[in-house]
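The values are calculated or read from the model by the stated rules, or taken from the named source; none is laboratory data. If you're wondering where the values come from, they're calculated on a predicted model, not measured in any experiment. Ligands, DNA and RNA are excluded from the accessible area calculation, which covers all protein heavy atoms including side chains. Shrake-Rupley method; radii C 1.70, N 1.55, O 1.52, S 1.80 Å.
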Amino acid sequence: MFELQGVSKHYGQVQALTGIDLNLPSARCTALIGQSGCGKSTLLKLLLGLELPTGGEVRFDGQVLVGEAWIGARQRIGYVPQEGGLFPHLSARDNVTLVARHLGWTPEACAARVEELAALVQLPKAALKRFPNQLSGGQRQRAALMRALLLDPAALLLDEPLGALDPMIRFDLQEDLAMIFSELDKTVVLVTHDLSEAAFLGQEVVLLNAGRVHQSGTIEDLLERPVDGFAERFVRAQRPHLGTGAAR
Ligand code: ADP
Ligand code: MG
């Protein structure tokens with residue numbers, strides 16, 4: 001569904017991505033993983049056409065995302081930016097329905113879709129009338145997910161959707177996301193720096209390092225057949241310390 005050929009991106013002097021060749025298949029969840037600053041968010045923005053590549057081509061369903069093609073594709077790709085990106089001056093409900101109202105949906109159609117999505121992501125009704133700063137971190141992410149799903153997109157791009165949440169909320173949302181992904185059968189690209197989250201939610205995994213694809217394949221490939229010392233260290237660094245007790 002997404003194809004990248006020889007893609008590079010630089011911001012002034014900063015080379016964020018170099019020589020990316022990737023094919024992200026339909027109806028699968030691909031986890032983009034790697035250290036902070038390795039280019040994960042930039043790659044997601046290129047998939048969405050929010051940023052244009054400096055070199056190479058990004059295609060969505062065979063089309064390069066410029067001009068008309070971009071506008072059409074934009075409505076078929078749901079996006080949850082890092083930190084959720086909800087507008088602070090709009091209630092959760094108005095954030096969710098913003099694009100629908102812009103497209104001329106009736107209030108009844110908006111209300112019906114909100115009800116459906118709130119049930120899917122399990123956001124309590126009372127939360128819908130609150131502003132983002134009156135919601136808990138988990139509720140904000142659920143509202144951001146509703147907004148991304150509003151137009152029933154073919155693809156869903158999620159940038160560290162659970163990054164800022166405490167462990168129990170995170171665990172609940174991981175379980176809910178797994179259920180939502182399997183129920184909706186969409187093409188999902190999920191950015192995370194957490195290997196266990198990638199393993200739990202992703203079928204494919206792409207490890208980025210310093211703006212390049214370091215390893216891509218299944219999660220088992222990465223865990224059992226790391227391509228080199230870096231991939232091996234990346235995996236080892238995320239092993240749980242529970243029960244090892246270096247300080248005892
Ligand atoms: P990640 O999401 O993996 O943490 P990013 O894609 O956000 O990484 O950033 C990759 C590199 O590009 C970093 O060095 C970052 O500082 C730089 N970068 C990202 N966005 C911009 C921008 N708009 N202007 C300049 N540099 C940027
Ligand atoms: Mg990022």
message = For Cα pairs less than 8 Å apart in space and 6+ apart in sequence, what is the mean separation divided by the residue count of segment 110-179, i.e. the relative contact order in percent?
response = 32
ask   = If you project the alpha carbons of the chain onto the principal axes, what extent comes out on each, in Å, largest first?
value = 56, 53, 34
key: Shape call, segment 1-110: gyration tensor on alpha carbons, a/c limit 1.5   = prolate
query = Quick one: length gained pulling residue 184 to residue 236 fully straight, 0.36 nm per residue minus the C-alpha distance?
reply = 15.4 nm
message = What figure, in Å² to the nearest 10, do you get for the accessible area of residue 93 with a 1.4 Å probe and non-protein molecules left out?
response = 90
task = Taking amide H positions as placed in the peptide plane 1.01 Å from N, state which residues far from residue 29 in sequence (5 or more) or on other chains have amide H under 5 Å from it.
result = 188, 203, 204
ask   = Using a cut-off of 18 Å between alpha-carbon atoms, which lysines can reach residue 9, once sequence neighbours fewer than 8 places away in the same chain are excluded?
value = 40, 45
remark   = Once 89, 10 are ranked on solvent-accessible area with the largest value leading and a 1.4 Å probe, the list reads 89, 10
message = With an 8 Å Cα cut-off and a minimum separation of 6 or more residues, compute the relative contact order for segment 1-101 in percent.
response = 27
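With contacts defined as alpha carbon pairs under 8 Å and 6 or more residues apart, what's the relative contact order of the chain in percent?
After rounding, I find 27 percent.
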task = Give a residue-ordered list of calculated ³J(HN,Hα) values for segment 10-26 (Karplus: 6.51 cos²θ - 1.76 cosθ + 1.60, θ = phi - 60°; whole Hz; x for Gly, Pro).
result = 10, 10, x, 7, 7, 8, 7, 9, 9, x, 8, 10, 8, 10, 9, x, 5
query = Shape of segment 50-197 from its Cα gyration tensor (a ≥ b ≥ c, root eigenvalues): rounded if a/c is under 1.5, otherwise prolate when a/b > b/c, or oblate?
reply = oblate
message = Can you tell me what share of the DSSP beta bridges in segment 139-248 is antiparallel? A percent to the nearest 5 is fine.
response = 55
